[in-house]
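In what follows, a single structure is set out as structure tokens and then discussed.
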């Protein structure tokens, strides 16, 4: 299951639509109207796929929950995930500079996040948060460059797991209804196998908890900004980032500004 959408009643649907599209990168759909019920709404979609429905209709009473001083039971806030501590700080500065209150933070929480709390134009409570991965925990997230080149291979879905792939520091086998996908050392792949060769692998030093969010995006976003494509593989304990050999130097220079390269 995923959270498909969250809905908010408001007397100012256009104001809330503009707020969430301007500050949080949402993309608004067209306004929906039901003349019989005098109902209006916008669906705003975010990068995660979750949508926010902004709804308006006559006769909806004001929200009496004090979101600042005396919170009550029920849904009280929702959170936007940022990719870095720097992005949390920048968002806090932007909202504060534009007159929106910062109720708490930015600060490091006891469970490993860095976040602040704010209010939207209707005083709905919002958090902006990121998992603390580097200096805030007293350590820098480390990436280890594995030896050798790797390949991504495609076999038929009914094929057995290939014996020729069973060597190297990383082996990934994924079977679906359409294919058997194999990630292994390039020098182990026989001629004639459908494959994309020439990948280097960066391993995130783990173990990483399942509750930690934003790790892959913090790695892939700065590379995507420079036009470097990646292929990601995740395991129970950690993540692996695959970059083409011709781009590995550029990738390590970019990531080395923020992460330790082993």
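Every number in this text was worked out from the coordinates using simple rules, so none of it is lab data. Computed from a prediction, not measured in an experiment: that's the story for all the values here. Counting neighbours? That spans all protein chains shown, and the Cβs are built from the backbone with ideal geometry, glycine included.
Summary of computed values
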| read-out | value |
| --- | --- |
| Shape of segment 67-134, Cα gyration tensor, a/c cut at 1.5 | oblate |
| Reference-scaled alpha-carbon Rg (2.2 N^0.38 Å with N residues) for segment 142-261 | 1.09 |
| Sorted peptide list for 12-20, 169-177, criterion being average Cβ within 10 angstrom, highest first | 12-20, 169-177 |
| Per-selection Rg to Rh, the chain - Cα, Kirkwood hydrodynamic radius | 1.07 |
| Cα-based helix-to-principal-axis angle, 215-225 vs the chain, degrees rounded to 10 | 80 |
| Nearest-ten-degree value, helix 85-97 long axis tilted from longest Cα axis of the chain | 20 |
| Segment 67-134, relative contact order in percent, only Cα pairs under 8 angstrom and at least six apart counted | 37 |
| Cα extents of segment 1-62 along the three principal axes, largest first (Å) | 32, 28, 23 |
| Percent RCO, i.e. relative contact order, over segment 142-261, from Cα pairs under 8 Å lying at least 6 residues apart | 29 |
| Sequence-separation-based contact order of the chain, relative, with Cα cut under 8 Å and 6+ spacing, percent | 13 |
| Projected area, mean over directions - segment 159-210, Cα convex hull, nm² | 5.1 |
| Sum of -39500 (n - 2.57) over DSSP H runs of 4+, divided by residues of the chain (222 nm, nearest 500) | -5000 deg cm²/dmol |
| Volume per residue of the C-alpha convex hull in segment 25-151, rounded to whole Å³ | 188 |
| Fewest-first sequence of 217, 92 by Cβ atoms within 10 Å of each Cβ | 217, 92 |
